[in-house]
Amino acid sequence: MYDLTGFQRDVLYVVAGSDDPNGLGIKRALESYYEQEIHHSRLYPNLDTLAAKGLVEKGIQSRRSNVYALTQRGYREITARHEWERNHIEV
């Protein structure tokens, strides 16, 4: 995960926490978090990068939308990141 941007990590968290996340659902969740519009030109290239790195799988939901799922590698990476964060934050 060290080579991912913060935005890409946020996308992974959204995909991990969603049931059958499609592009529009991911976009809406990120817009809610960032409190600003997320343009398609930002979201979809990052989803493609995450798919190319083997962290998410891209499938076809309908003629006009794709669905994304965390891969086992993506799950391991996000879990390791979560552990790393927990070890560096005192609560």
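Applying a threshold of 9 Å to beta carbon distances and a minimum spacing of six or more residues, or different chains, the list of pairs starting in region 48-71 at a residue that is in contact (Cβ under 8 Å) with a residue 40 or more places away in the chain and ending at one that is open to solvent by less than 30 Å² (accessible area, probe 1.4 Å) and of a type in the set (F, W, Y) reads L50/Y68; V56/Y68. Does R42 meet the test of being basic (K, R), part of a helix (DSSP H, G or I), in contact (Cβ under 8 Å) with a residue 12 or more places away in the chain and open to solvent by less than 80 Å² (accessible area, probe 1.4 Å)? Criteria not met by R42. Restricting attention to region 45-91, the residues that are in a helix (DSSP H, G or I) and open to solvent by less than 40 Å² (accessible area, probe 1.4 Å) add up to 6. If you go through region 16-39 and pick out every residue that is touching a helix residue (DSSP H, G or I) at 6+ places or on another chain (Cβ under 9 Å), open to solvent by less than 80 Å² (accessible area, probe 1.4 Å) and not hydroxyl-bearing (S, T, Y), you end up with 10.
Test Y13 against the criterion of being open to solvent by 30 Å² or more (accessible area, probe 1.4 Å), in contact (Cβ under 8 Å) with a residue 24 or more places away in the chain and under 10 Å from the mean Cα position of the chain (by Cα), and give yes or no. It is true that Y13 is open to solvent by 30 Å² or more (accessible area, probe 1.4 Å), in contact (Cβ under 8 Å) with a residue 24 or more places away in the chain and under 10 Å from the mean Cα position of the chain (by Cα).
The values are calculated or read from the model by the stated rules, or taken from the named source; none is laboratory data. Because the structure is a prediction, the values reported are computed rather than measured. As a convention, Cβ positions derive from the backbone with ideal geometry for all residues, glycine included, and neighbour counts pool all protein chains shown. Each accessible area value is taken on the protein alone, full model and side chains, heavy atoms only, with ligands, DNA and RNA left out. Shrake-Rupley method; radii C 1.70, N 1.55, O 1.52, S 1.80 Å.
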